[in-house]
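This report concerns only the one structure given below.
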Amino acid sequence: PASFAWYSSKMLGERLLEPEDAPESGTGAKLLLAHACTKLGSKAWEFATPLLLLHFTPHSLTAPTFFGLLIFLFRFIAGPSAGAWMDRTDRMRSISIGITLQAVGVIASLATLAMLSLTEQLLPSAPHFLLFAMVACGLSEALGALVSSVAVKKDWVAVLYARDGEASKSTVLASINSAMSYLDLSAEMLGPLAAGFVIQLFGDFGGFVAVGVVNIVSFVLELKLLRQIYATNISLSVPKAERPEPPQHAWASFARSWPLFIQQPSGVPLLVLSYAMLYVTALSPHGVVLTAYLQTRSLSPTLLSAFRAAGALSGVLGMAAGALS
């Protein structure tokens, strides 16, 4: 932690800021540490969940597909409303609610796992209500992750480091955003690797419990670090600017935007559509269904996690190549 804070402060270029303008010393390091903790836990959780879902429908992808579809639909539908709510809510309150939703989702998932373990000993198949309970837990965790991640990356970082007309703060802002992107991709590698090793060591149920407990600990650490940042940086407690109400319903605006999207030049719509189609094929980037499918093909958790890590590594190398070019 001490060496991490020193390295992060140097990497983020806090020396570029004047003392009277700079955020409290160590703020950048705490932001990165909080982000790293929650991302590592979340990625390990995302890897472990599809393996557990197979217990609801053995030798079938029904449960993982049902779970993944509802989670993505929920994020798509609830995302704009969650963003509008964050815009008018106190920063610390929105973060606290987001992390609480994540913790509730994980704890409730562990309780559902305990019930599943009991029913497997008494019944030939898992009751459907347990699958619905697992989906509800996933929705809570997904909403909390969305709120806490967007609030920190899009709001807190900008308030602390972005100021119009101040080139030094713009430089630090770019450095923080870049560091967070590297942390995201590093978590994509290390989170599944750690989860795969733990599941291989303790089995599906024991490994899932271990990953869940680590997640809960990371939530506590993240909230503690963010509370420290909030308490020592007055700019975060400044009320947010009032935003005018949209002139029309969100769905009406969504429908009106499609003609503009289709008219974009240089084949942009086709490029976007081709990338989106990856999510409905076996090439879906580290998706729930792909992970579950590979598990049904008798791949061990460690091999599955290595597969996920290799994909994330290509992203890290791509970012590094882009930075050097």
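Using a simple spin-label model with pseudo-atoms 7 Å out from Cα toward Cβ, S178 and I216 lie 4.0 nm apart. Label positions at A114 and S60, each projected 7 Å from the Cα along the C-beta direction, are separated by 2.9 nm. Which stretch or stretches of region 94-110 have amide N atoms under 13 Å from the point lying 7 Å from K240's Cα along the Cα→Cβ direction? Only 94-98 pass the distance filter. Please report, as a whole percent, how much of the solvent-accessible surface of region 69-124 comes from carbon and sulfur atoms (probe radius 1.4 Å). Exposed carbon and sulfur together represent 72 percent of the surface.
Each Lys and Arg contributes +1 and each Asp and Glu -1, all at the Cβ; summed about the Cα centre of region 35-158, the dipole is approximately 360 debye. Per residue, region 34-76 exposes 40 Å² of solvent-accessible protein surface, assessed with a 1.4 angstrom probe and all protein chains in place.
The values are calculated or read from the model by the stated rules, or taken from the named source; none is laboratory data. Computed from a predicted structure; not experimentally measured. Glycine gets a Cβ as well: all are built from the backbone with ideal geometry, and neighbour counts include every protein chain shown. These accessible areas exclude ligands, DNA and RNA; they are computed on the full protein's heavy atoms, side chains included. Shrake-Rupley method; radii C 1.70, N 1.55, O 1.52, S 1.80 Å.
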